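Taken together, the values in this text are just the output of simple stated rules run on the coordinates, not laboratory data. Here the structure is a predicted model, which means the values were calculated and not measured. Every residue, glycine as well, gets a Cβ built from its backbone with ideal geometry; the counts of neighbours run over all protein chains shown.
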Amino acid sequence: MIKKFRHIVVVSMLIAACTEKINVNLDSTYTRLVVDGNIASDTATYQIRLTKTADYFFNEPVPPVTRASVFLSDGENIFPLAETKPGISGIYSTDSTFVGKKDKTYTLHIDLSEPISGESAFDAICKLNHVTHLDSIGTVFEPDWGKEGIWKIKLWAQEPGNEVNYYLFNLYRNGKLLTDTITKKVVSDDKFYNGSYMNGVDVIYLNNAHKWETINPGDTIILQMSGITEEYYNFIMQVQQSGLNIPFFSGPPANVKGNIDHGGIGFFAAYSNSFAKTIVHR
Amino acid sequence: MIQSKHLLFLFLFLFLFIFSSTFTVSGNQGDKNKHYTISGKITDKTNGEALVGATVFIRELKTGAVSDVYGNYSLTLDEGNYTLVFSYIGYKTHEQVIILTMNIALSFELEPYQQQLKEVEITSEKNDRNVVKPEMSTFRMDIKTIQRIPALMGEVDVIKAIQLLPGVQSVGEGSSGFSVRGGSPDQNLILLDEATVYNASHLMGFFSVFNNDAIKDVKLYKGDIPANYGGRLSSVLDIRMNEGNSKKYEINGGIGIIASRLTVEGPIQKDRSSFIISGRRTYADLFLPLSSDKALQNNKLYFYDLNAKVNYRINENNQIFLSGYFGRDVFSNGFARMNWGNETGTFRWNHLFSKQLFSNFSFIYSNYSYFLGTPDGNNNSFEWNSNLRDLGIKGDFSYYLNTKNTIKFGASVVYHMFYPGQAKGIGAQTVINEVKVPNNYAFETGIYGSNEQRIGEHFTVKYGLRLSMFQNTGPGTVFHFDSSYKAIDSTIYKAGTVYQTYYGWEPRLGLLYDFNAKHSIKASYARTYQYLQLAQNSTVGTPLDIWFAASPNVKPQIADQIAAGYFRNFRHNTIETSIEGYYKWMNNVIDFKDFANLILNNKLEGEIRNGKGWSYGVEILVRLNEERLNGWVSYTWSRSFRQINGINDGNPYPAPYDKPNSVSVVLNYILGKRWSIGATWVYATGAPVTFPTGRAEIGGKIVSIYSDRNQYRYQDYHRLDLSVTFSGKQKPGRKFNWDLNFSVYNLYNRHNTWSINFVQDNENPNVTYAEKVYLFGIIPSVTFNFHFNND
């Protein structure tokens, strides 16, 4: 949070810079496999999406990787995943009875029907970390922040002191996921809270000027708090930084580091969830 | 034990060359001739300020001396009759015949040319030091030159002027960071009255911390760094503050569109002691309470600088100086507070042991700190502090043995105190724990000796050696990292223990062969060590970047630079030209791993990646010192590369400052008694940059797959600035003078790239496009300057 705060402060000091669209000629690069999906500690159908990379200005939906053989293992059991529309979707899902077990390590195996840049077998390993119990959440409106105010989502929970924890936060408004892209999700380590009772800590800020992603009095909101691995935390942070180029604090651009072997891109994540619900009051 | 042995060697070396040069002299001249010393101080007649780098030329011998940074000179000659010619750019040349039969003290006050132009007799003794001094890769500017350069928002700026020199690149539009001959911005030692300035930026770098009213003289060493300087690989920027008028009271000031300045100076005791105090503050935020936007009314955004200096001439042989600088940027709004700045202090005692042996002793303090926080009373309230403090002591000696040998030696010790960062919750409601990066401490020591020796009619050699030493001292915490840079465990050292010592021998060599003072060839070699570096992996940086030291995990950076050049002056030295080539090798160069975490990270050293760098180039400079027209035109061709383990798959890549072609044209023309115009045009190849070549779709976002590091370039950078200065009527004896300066930054409104972002379209998420960010279009400004004296 404090590190992000630095960015906010520095950006808000910037004398209004100007932007304009330009044409840039970019080279092509070889194709890689992209893995995107997760499993969690709740009983549900989980989906893993396989796609291929494309040239940067491809500007069409990326091609799916179809007819692959995909399965999960936790070291004892094997869970096969089936392509939702075989030969078309590139989306592979578990049974609806699948439930991830806390503190187990899951491996995702992928065998392609056609190799991508010479590779046809890929593995990704992720531990399904536990998460602390989310006691409750609340909202506060700050009318003076920004043009139309800012909503703060706060949480109450005991942070375990005997371990290093990484968290992922998602927010649902009236049953719909507001944090619906990876750049809107919030991740945090426990550096500033380790072992403390998180007594109303701000976790999400919503800009009230963005009507499509803010909340209003009367809405039912659910905060999802997930215990994730350090690797996944770093991955999300990197995706969020990637593409942003602000000479004050952006480091040199670099490829995000996921957990797919053999040159694959993306992340197979496993985590456990804790939820809390509230109704928004002004 | 090892260290003391090295010190012994150095003393032995010093002794040997002092002895050998003495011997050479007596060998050449026999014992019959008696020699005597002429020495003194060269000052400005109007205000008593010491003139730095003024020339004392002996017509009969076609040799001479140059005044040091305190205006002192010394010449030891055989008995005889001589014509001494005192000269300095912008001042009337003075000739004096002396009969040398005894030691002579001869101080002289030179008179500056007034604005009104007279036909001036050009004498052949005009400054030819460009050709005859065994000194290359340097550039000296007095503040008058800098003041004539058109400036962004009218704020005349030392650093922005430096960025116009050949071999120097700005790190970004409007930035105060600069790269010298392909080095990193933190490889430049920036000194203000000998105190290190760790962050020379105000307002994210758009302005530098140097208030031009308080500054006298600026000298940049891009290579051929003299042995008395050490601690940075690439350059030394030595900035000296004005001493204050010792003859009369003066008030100078200026009112600009973003800042105002006021300087008061004068004698405390005429010709004996003087003071100067100079302040500057921006005032954009003073208008914020008038804003209709409620949120803006309580915002703060300003910076200020305060420079002060006093000096006291105790007697002919002793003078003391006390100078200080305080500057701060302050920013706050409803949810954040932030401020940062430097403080420096220098106490100096200038002592002449004899007519030939000059010395200076300095006590130096420097502090850079920043603060970031929220208002308290909230459960997320916190504050975050960081600072770096130096305490130093230094002694420098110059021994003007004779006209053929000038010996310099000295030593310095600096104690560095690093408080890299501490963030903690504030107020009763806070739930934020304290996070602290452990403090650490170090001693940096240097000892040096050098001699400038003239051999025969045409050849001069300058040789020196510096021994630098860096010692980490307790209390301190050192983490141990495995081969994949993961911290395994740590060792805690008690106060007083020295847990790591590095030292480095730094030879410096300069050669000069001059062809009858008309033209010359020069060559130099210098090795430099650097023990402190900036944890910054962005191109421009923020005030929150911290400095960190060499340690058991971080080896000192080492550079070797060779350079050679040809120097020729034309038209009685009013046109100086030079061409220089250089090659620089850098070892243990620091970079950071991809997505490095440099903020409040107590395992910062695990984020570091090490490697080597090299750069080379050719710089062509034509400098004009005509009566009406002055300035320079330069062209630089240069390359700079890095090769770092773990970055770019270990393959070499262009450094961020690799801009192969660059041109600067800086000209000022005096139109008449009241008008002058200045123009600057700069051109540089676009900076190297990493662009995406592929895309992957992850979590609803298009994630870039990047090219090799720095494989693309931004568009070429170029810009024209113009200024016109109109002065009030000047009459002798008039107490109040003024001028009005109109300047335009980026006259033809080029949208130079600051960065390029690749953006995912909001409407159609499959579409991406490139978006250029530029900071400044055309920016006009006006500044009113005034000058008042009690003549």
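General remarks:
- Local electrostatic count, residue B:610, Cβ distance below 12 Å [Lys/Arg +1, Asp/Glu -1]: +2
- Taking the Cα centre of segment B:34-125 as reference, the dipole from Cβ charges on Lys and Arg (+1) and Asp and Glu (-1) amounts to some 80 debye.
- Taking amide H as placed 1.01 Å from N in the peptide plane, residue B:481 has its amide H under 5 Å from the amide H of B:488, each at least 5 places away in sequence or on another chain.
- Expected-Rg normalisation [2.2 N^0.38 Å, Cα atoms] applied to segment B:186-271: 1.32
- In order through segment B:518-534: 3J(HN,Hα) via Karplus (6.51 cos²θ - 1.76 cosθ + 1.60), integer Hz, x for Gly, Pro: 8, 8, 8, 10, 9, 8, 8, 9, 8, 10, 10, 10, 9, 10, 10, 8, 9
- Taking 7 Å steps out from each Cα toward its Cβ at residue B:269 and residue A:85 produces label points 9.6 nm apart.
- Working note: Debye formula, equal point scatterers on the alpha-carbon atoms of segment B:136-224, no solvent; log10 I(q)/I(0) at q = 0.13, 0.14, 0.17 Å⁻¹ is -0.38, -0.44, -0.67.
- For segment B:482-520 versus segment A:178-216, the spacing of their alpha-carbon centroids is 46 Å.
- Averaging the sequence gap over all C-alpha pairs within less than 8 Å and six or more residues apart, then dividing by the number of residues, gives chain A a relative contact order of 20 percent.
- Inverting the pair-averaged 1/r between distinct Cα atoms of segment B:571-651 gives 16.1 Å as its Kirkwood hydrodynamic radius.
- Linear extension gain, residue A:102 paired with residue A:174, 0.36 nm per residue minus alpha-carbon span: 23.1 nm
- Of A:278, B:322, B:707, farthest towards positive along the dipole that unit charges on Lys, Arg, Asp, Glu beta carbons give the protein assembly as shown: B:322
- Cβ-defined net charge surrounding residue B:636, 11 Å radius [Lys, Arg +1; Asp, Glu -1]: +2
- Note that the protein assembly as shown shows a convex hull volume over its alpha carbon atoms of 176 Å³ per residue.
- Taking each residue as 0.36 nm, the span from residue B:363 to residue B:251 lengthens on full extension beyond its C-alpha to C-alpha distance by 37.4 nm.
- Here residue B:701 is the anchor, and the lysines within straight C-alpha reach of less than 21 Å, apart from those fewer than 8 places off in the same chain, are A:4, A:21, A:52, A:176, A:184, A:185, A:211, A:257, B:772.
- Sum of -39500 (n - 2.57) over DSSP H runs of 4+, divided by residues of chain A (222 nm, nearest 500): -2500 deg cm²/dmol
- Theoretical FRET efficiency, 1/(1+(r/R0)^6), r = Cβ-Cβ of residue B:629 and residue B:347, R0 45 Å, to 0.05: 0.60
- Estimated dipole of segment B:684-731 in Debye, rounded to 20 [Cβ of Lys and Arg +1, of Asp and Glu -1, Cα centre]: 340
- Relative contact order of chain B: 10 percent, from C-alpha pairs under 8 Å at least 6 residues apart in sequence.
- Charge-dipole axis of segment B:223-278 as Lys and Arg at +1 and Asp and Glu at -1 on Cβ define it, positive-most pick from B:278, B:225, B:236: B:278
- Gap separating the Cα centres of segment B:697-743 and segment B:628-661, nearest whole Å: 20
- Alpha-carbon centroid distance for the pair segment B:405-468 / segment B:551-577, whole angstrom: 21
- Ranking B:497, B:425, B:138 by how far each Cα lies toward the positive end of the dipole of the protein assembly as shown (charges on Cβ) leaves B:138 at the top.
- Number of partner chain Cβ atoms within 10 Å, mean per residue of A:188-197: 3
- Peptide B:537-546 is shielded by partner chain Cβ atoms: per residue, an average of 5 of them sit within 10 Å of its Cβ.
- Rg/Rh (Cα only; Kirkwood hydrodynamic radius) as it applies to chain A: 0.98
- Electrostatic bookkeeping for residue B:691 treats Lys and Arg as +1 and Asp and Glu as -1; over the other residues with beta carbon under 15 Å from its beta carbon, the sum is 0.
- Across segment B:34-125, the fraction of Cα-Cα pairs farther apart than 21 Å, rounded to a whole number, is 30%.
- In order through segment B:759-769: 3J(HN,Hα) via Karplus (6.51 cos²θ - 1.76 cosθ + 1.60), integer Hz, x for Gly, Pro: 10, 8, 5, 5, 6, 10, x, 7, 9, 10, 9
- Mean per-residue shielding of peptide B:686-695 is 6, counting Cβ atoms of other chains within 10 Å of each Cβ.
- Cβ-Cβ distance of residue B:491 and residue A:140, R₀ of 45 Å, FRET efficiency by 1/(1 + (r/R0)^6): the value works out to about 0.50.
- Cβ-derived FRET efficiency at R0 35 Å, residue A:17 paired with residue B:587, nearest 0.05: 0.40
- About its Cα centre, the dipole of chain B is roughly 900 debye, where the only charges are +1 on Lys and Arg Cβ and -1 on Asp and Glu Cβ.
- Taking the C-alpha atoms only, the angle from helix B:2-29 to the longest principal axis of chain B is near 30 degrees.
- Cα-based shape type of segment B:460-564, given that a ≥ b ≥ c are square roots of the gyration tensor eigenvalues and the cut on a/c is 1.5: prolate
- Relative contact order, percent, segment B:452-561 [alpha-carbon distance under 8 Å, six or more residues apart]: 24
- Estimated vicinal HN-Hα couplings, Hz - segment B:68-79 in sequence order (Karplus 6.51, -1.76, 1.60; Gly, Pro = x): 7, 5, 9, x, 7, 9, 8, 9, 10, 10, 5, 3
- In terms of overall dimensions, segment B:138-789 has a Cα radius of gyration and Dmax of 25.6, 81 angstrom.
- Additional length obtainable on full extension of the chain from residue A:119 to residue A:261, 0.36 nm per residue less Cα span: 50.1 nm
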